[in-house]
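Below is one structure. I have some questions about it.
Readers should treat all values here as calculations from the given coordinates under stated rules, not as data from a laboratory. Everything quoted here is computed from the prediction, not taken from an experiment. Cβ placement follows ideal geometry from the backbone for every residue including glycine, while neighbour counts extend to all protein chains displayed.
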Amino acid sequence: MAERIFITTGYSDGLTRVGDKYAEKNLYFKALKLYLLAHNKRKSEPIIEKISQTLSVMLKEN
């Protein structure tokens, strides 16, 4: 419920906190969505980098 309220209102601190909870549970795509909505580059960029590295490795293997 809180996530919906934070998304609707654009409350960036709340979005970041919910994103942190998702990241703790290794739900990185959900966390990334909230970090991007919060305009939190400090938290979103490491996840984007990790996803990019993973995709790069997968593409090289095929």
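Would you mind computing, in nm to one decimal, how far apart the modelled labels at E45 and K60 are, each placed 7 Å from Cα along Cα→Cβ?
2.3
A follow-up question, please. Along segment 48-60, what does the Karplus equation 6.51 cos²θ - 1.76 cosθ + 1.60 (θ = phi - 60°) give for ³J(HN,Hα), rounded to whole Hz, x for Gly and Pro?
Whole-Hz 3J(HN,Hα) from phi for segment 48-60: 4, 4, 5, 5, 4, 5, 4, 5, 4, 5, 5, 5, 5.
If you don't mind, there's one more thing I want to ask. Using helices alone, I'd like the mean residue ellipticity at 222 nm for the chain: each DSSP H run of four-plus residues gives -39500 (n - 2.57), total over residue count, nearest 500.
Calculated mean residue ellipticity at 222 nm is -26500 deg cm²/dmol.
Normalising by the residue count of segment 1-56, find the relative contact order in percent from Cα pairs under 8 Å and 6+ residues apart.
Result for segment 1-56 is 28 percent.
Report, ordered by chain and residue number, the lysines lying within cross-link reach of K41, taken as a straight Cα distance under 19 Å and ignoring same-chain residues fewer than 8 apart.
Within reach: K21, K30, K33, K50.
Turning to a different aspect of this structure: Which of [x] 6.1; [y] 4.5; [z] 3.8 is the computed mean projected area of the Cα convex hull in nm² for the structure on display?
[y]
Also, I was wondering about something else. May I ask you to evaluate 6.51 cos²θ - 1.76 cosθ + 1.60, the Karplus curve with θ = phi - 60°, for each residue of segment 15-32 and list the ³J(HN,Hα) values in order in whole Hz, giving x for glycine and proline?
4, 5, 5, 5, x, 4, 5, 5, 4, 4, 8, 6, 9, 5, 5, 5, 4, 4
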